[in-house]
Amino acid sequence: MVGVAGVLCAATGAVSCGGSPRGPSADLIVVNARVWTVDAAKPEAEAVAVRGDRIVEVGTRAEIERMLGTTTRVVDGAGRFLMPGFNDAHIHLMTGGAQLDSVDLKDAATPAEFARRIGERARATARGEWILGGNWDEQQWPGAPLPTRELVDAVTSDTPTFVSRYDEHMSLANSVALRLAGVTAKTPDPPGGVIVRDAKGNPTGILKDAAQSYVFKVIPPPTAEQRMRTLKRALGHMASLGVTSVQDMGPDPDDVAVYGTLAAKGELTTRIRAVPAEVTLAKQLAGGPVRHPASPFLQVSGAKGFADGSLGSTTALFFEPYTDAPGSRGLLADEMQPLDEMRARLVTIDKAGEQLCIHAIGDQAISMVLDLFADVEKTNGQRDRRPRIEHSQHVAPKDFDRYARFGVIASVQPYHAIDDGKWAEKRIGAERAKTTYAFRSFLDHKVRLAFGTDWPVAPLDPLQAVYAAVTRATLDGKQPGGWVPEQKVTVAQALEAYTMGAAYAEFKEKDKGSITAGKLADLVLLSGDPFKVAPEAIRDLKVAMTMVAGKVVYEKH
Ligand SMILES: [Zn+2]
């Protein structure tokens, strides 16, 4: 009974727990902070009280200090900025974790440097193990040539190597990897994928989109022990960046099992929502109702699908040809072919009450997904379904209204705007660029935004993403006033999209997303105030402390 009373008390904050004669005392209070609540009913405060895993009061320092008890931990905010923990609405948790521990090619500025780093890695790799990860970006190389297997064969010898571009829509295999995968000049391009070939028709080593699965199929899966190590590494990284919730898109079910193991031990320090692949979920639903685990730290819900590829790989699907590749409009994802089957799966998943989260980047892919959402609503009737379009990158002007009409959430990653913004305009032209990463247009059309990073495609650091959304200053320093500056958002709008917006996008706005009495005590203390520093200095702010469920999970020393 004691346990039950304690839970009730923590949830309501209304009655005394633990029998203090003066009234309820808090387990933890944060005082002397500038509290930015993201709660319109009380936007700012000085202090916050926590009991158990919940916020019990938000107010002035004097109000909160009344809840001081003998065992209360007091955190002195020292005038710094306290806000709700960041909720990253779209990441790839274990790919990101693995990336923390693999070859990093993102800033390899030349093909020679790319090869040198892979060679260094090969020397440190045990026999029979693969070199994976990478995050390379050929757009920063002179002339932007795609890398080839010849470039790395000499430095990798018999170590199978399969390193991906930072958007993960293409990868480079060395000759060993191609041989293990059985990819030769005779191998056909799969639906939704391309094997890049040289003048003689031989594979160059570059495999685009679905063609990557030829190699993925032959990479041995990590052991449970390796997975656990990767997860713990990722958890540490997330806590250090103030990320208290993540939405993990299309995870491997074996990884979700490892999340479950840690959740059961009470050792998760970031709340994880795993969103299974729609093809997998549809298959499970065909066998009857699917029961997913749900706890405060781990839930499995929704369904993630793909409508097209990426802009960087020229596989995002557009109505009009690419400006710099007039022969191509991009590729429809293989799971969209045939479209009737995709539609049928989405209807089934929606009928089971699950949320649809579909990746669409090019304007035509986005339009097709909106059509599908319309079909789903027509078939299954109206409900609060909050369908999501992941990335929502290049929107045809006519489609903003359809987002609003169907209550579609734009799940976007602002960092891509300042990264891809270096070269995107030459790929799609100035006209399409106007409604590209169109965060402002979404808000103007009353469309809900949920911010995220797509980590490891972009860095997980939310302050980099906030900086990107507020400044739109491309990473090459060439657009200090912002690329398509009309699409900038304010600091308040960016913080809201990263907290309440992302919570709404997972149906958790009653539990998370703002510093409000009764909600989960997931809080982050920043080194400085993003409203007071110059916009270009937002990315230099650091996380001083991260609290999850009222417990300090990271503290900068
Ligand atoms: Zn993604």
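The values are calculated or read from the model by the stated rules, or taken from the named source; none is laboratory data. Quick caveat: nothing in here was measured; it's all calculated off a predicted structure. For neighbour counting, all protein chains shown are included, and Cβ atoms are generated from backbone atoms with ideal geometry for every residue, glycine included. To get the accessible areas, we keep the full protein, side chains included, count just its heavy atoms, and leave off ligands, DNA and RNA. Shrake-Rupley method; radii C 1.70, N 1.55, O 1.52, S 1.80 Å.
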Can you list the aspartates and glutamates whose alpha carbon sits under 14 Å from that of Lys510, skipping same-chain ones fewer than 8 residues off? Asp39, Asp522
A correct Karplus calculation of ³J(HN,Hα) over region 369-379, with 6.51 cos²θ - 1.76 cosθ + 1.60, θ = phi - 60°, whole Hz and x for Gly and Pro, returns 5, 4, 4, 5, 4, 4, 5, 4, 5, 5, 6
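Filter the trypsin sites (Lys or Arg not before Pro) in region 191-283 to those in DSSP coil with at most 10 other Cβ atoms within 10 Å of their Cβ, and list the result.
Counting only loop positions with at most 10 other Cβ atoms within 10 Å, the trypsin sites (Lys or Arg not before Pro) in region 191-283 are Lys200, Lys217, Lys265.
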Looking only at GluC sites (Glu not before Pro) in DSSP loops with at most 15 other Cβ atoms within 10 Å, what is the longest site-free stretch of the chain? 268-557
Read phi for every residue in region 500-512 and hand back ³J(HN,Hα) as whole Hz from Karplus 6.51 cos²θ - 1.76 cosθ + 1.60, θ = phi - 60°, with x for Gly and Pro. 4, x, 6, 5, 4, 5, 10, 6, 10, 5, 7, 10, 9
Hull-based mean projected area of region 231-370, where the convex hull spans the alpha carbons, in square nanometres: 10.2
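Which pairs break 24 Å Cα to Cα here: Lys304/Lys519; Lys446/Lys508; Lys398/Lys446; Lys106/Lys434? Write down the numbers at each step before the final one.
Working: Lys304/Lys519 27 Å; Lys446/Lys508 20 Å; Lys398/Lys446 15 Å; Lys106/Lys434 27 Å.
Pairs exceeding the cut-off: Lys304/Lys519; Lys106/Lys434.
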For region 413-523, what ratio Rg/Rh do Cα atoms give with a Kirkwood hydrodynamic radius? 1.01
If one computes the Cα centroid of region 323-345 and of region 140-193, what distance in Å separates the two points? 23
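First select every other residue whose beta carbon is under 10 angstrom from the beta carbon of Ala307; then total the charges, Lys and Arg +1, Asp and Glu -1.
Numbers: positive: none; negative: Asp308, Glu335, Glu390.
Spelling it out: positives minus negatives among the neighbours equals -3.
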Of all C-alpha pairs within region 18-130, those more than 19 angstrom apart amount in percent to 63
Run lengths n ≥ 4 of DSSP H only: what is the helix-derived mean residue ellipticity at 222 nm for the chain, with -39500 (n - 2.57) per run over all residues, to the nearest 500? -9000 deg cm²/dmol
Between region 367-428 and region 57-131, what is the C-alpha centre distance in whole Å? 28
Could you give the size of the charge dipole of the chain about its Cα centre, using +1 on the Cβ of each K and R and -1 on the Cβ of each D and E, expressed in debye and rounded to the nearest 20? 780
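Using alpha carbons only, what's the Rg to Rh ratio of region 68-171 with Rh from Kirkwood?
Across region 68-171, the Cα-based Rg/Rh ratio is 1.24.
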Could you tell me the largest-minus-smallest coordinate of the C-alpha atoms of region 319-451 on each of the three principal axes, in descending order and whole angstroms? 42, 32, 23
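For region 357-457, report the accessible area per residue in Å² (1.4 Å probe, heavy atoms, rounded to an integer).
So region 357-457 comes to 31 Å² accessible per residue, rounded to a whole number.
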How high is the relative contact order of region 75-207, given as a whole-number percent (alpha carbon pairs under 8 Å, six or more residues apart)? 19
For the chain, I need the span (max minus min coordinate) of the C-alpha atoms along each principal axis, in Å, sorted largest to smallest. 85, 54, 54
Once amide hydrogens are built 1.01 Å from N within the peptide plane, the residues lying 5 or more places from Val56 or on another chain with amide H under 5 Å from its amide H are Ala49, Val50, Arg51, Gly518
Which chymotrypsin sites (Phe, Trp or Tyr not before Pro) from region 450-528 combine a DSSP loop assignment with at most 16 other Cβ atoms within 10 Å? Phe507
Relative contact order for the chain: what is it in percent, counting Cα pairs under 8 Å that are at least 6 residues apart? 16
